[in-house]
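Okay, so here's the structure we're looking at.
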Amino acid sequence: MTASAARADTRPSPRKRAGNGAARRNEADEIGLDALVGHAGYAVRRFQLWIFQDFIRTLADVDIRPTQYSVLTVIAANPGLSQMAVAKRLGIERARLVHLLDSLEQRKLVKRIKSKADRRSHALHLTTQGETALAKFKRLAAEHERHVAEKIGKENRERLLQILADFT
């Protein structure tokens, strides 16, 4: 469904069953959004929330969050990158990345090796276990991307990726 079709859609909002079996409206659906309806940032944020929820639900069995997946994917594509380079490329605060890498290292998915060029930094690599796990994560992430295509349509998904390409 296109965004304009969604705005024009006059169907009643989904209803939940009250304790007595009668349908009741979701109060949140009744709250007007006024100018937010026309704000790209608001729409993108709401879509991001839906995407993150679906990603987390789809990858729940392997306990991987979107940021962890991003970090593992970038390390796999660029073995030996420094923590600073990963943080900068993905827009993650350094302190947050250190904590995230600690957890991935505890799970034996990532290893830090002292850099030969700069002893103050570490080169990041996936472990063998990390490579195997990432292959599974990628299969599940592809399933999540199919959910996105089902939600907004395959062509709209492709257009969205083209529109957002300047921000990646």
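The values are calculated or read from the model by the stated rules, or taken from the named source; none is laboratory data. All figures in this text were calculated on a predicted structure; none of them were measured in a lab. Here the Cβ positions follow ideal geometry from the backbone for every residue, glycine too, while neighbour counts run over all protein chains shown. Side chains included, ligands, DNA and RNA excluded: accessible areas come from the protein's heavy atoms. Shrake-Rupley method; radii C 1.70, N 1.55, O 1.52, S 1.80 Å.
Structure summary
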item: Inter-residue pairs, beta-carbon under 7 Å, first at positive phi and in the range 97-114, second assigned to a helix (DSSP H, G or I), 6+ apart; result: LYS108/GLN129
item: Near pairs, Cβ below 7 angstrom, 6+ apart or cross-chain, from the range 141-167 (under 27 Å from VAL62 (Cβ atoms)) to any residue that is surrounded by 15 or more Cβ atoms within 10 Å (Cβ to Cβ) and of a type in the set (Phe, Trp, Tyr); result: ALA141/TYR69; HIS144/PHE55
item: Count of the range 138-168 residues which are surrounded by fewer than 10 Cβ atoms within 10 Å (Cβ to Cβ), acidic (Asp, Glu) and under 24 Å from GLN68 (Cα atoms); result: 1
item: Hey, LYS136 over 15 Å from VAL74 (Cβ atoms), under 20 Å from the mean Cα position of the chain (by Cα) and among the basic types (Lys, Arg) or not; result: yes
item: Where ALA117 falls short, out of the listed (1) in a helix (DSSP H, G or I); (2) modelled with pLDDT under 95; (3) more than 22 Å from the chain's Cα centre (by Cα); (4) not basic (Lys, Arg); result: (1)
item: Residue in the range 57-73 that is touching a residue at least 60 places away in the same chain (Cβ under 8 Å), in a loop (DSSP other than H, G, I, E, B) and under 28 Å from LEU161 (Cα atoms) present; result: yes
item: Subset of the range 112-137 [open to solvent by 100 Å² or more (accessible area, probe 1.4 Å) and polar (S, T, N, Q)]; result: THR128, GLN129
item: Subset of the range 71-111 (residues that are of a type in the set (Ser, Thr, Tyr) and buried (at least 17 other Cβ atoms within 10 Å of the Cβ)); result: SER82
item: Residue, nearest to ARG146 (Cα to Cα), within the range 53-70, restricted to residues that are among the hydrophobic types (A, V, I, L, M, F, W, C) and crowded, with 16+ Cβ neighbours inside 10 Å; result: PHE55
item: Any hit, the range 157-164, residues being touching a helix residue (DSSP H, G or I) at 6+ places or on another chain (Cβ under 8 Å) and either modelled with pLDDT under 95 or of a type in the set (S, T, N, Q) (or both); result: no
item: LEU124 vs. criteria part of a helix (DSSP H, G or I) and within 13 Å of LEU72 (Cβ to Cβ); result: no
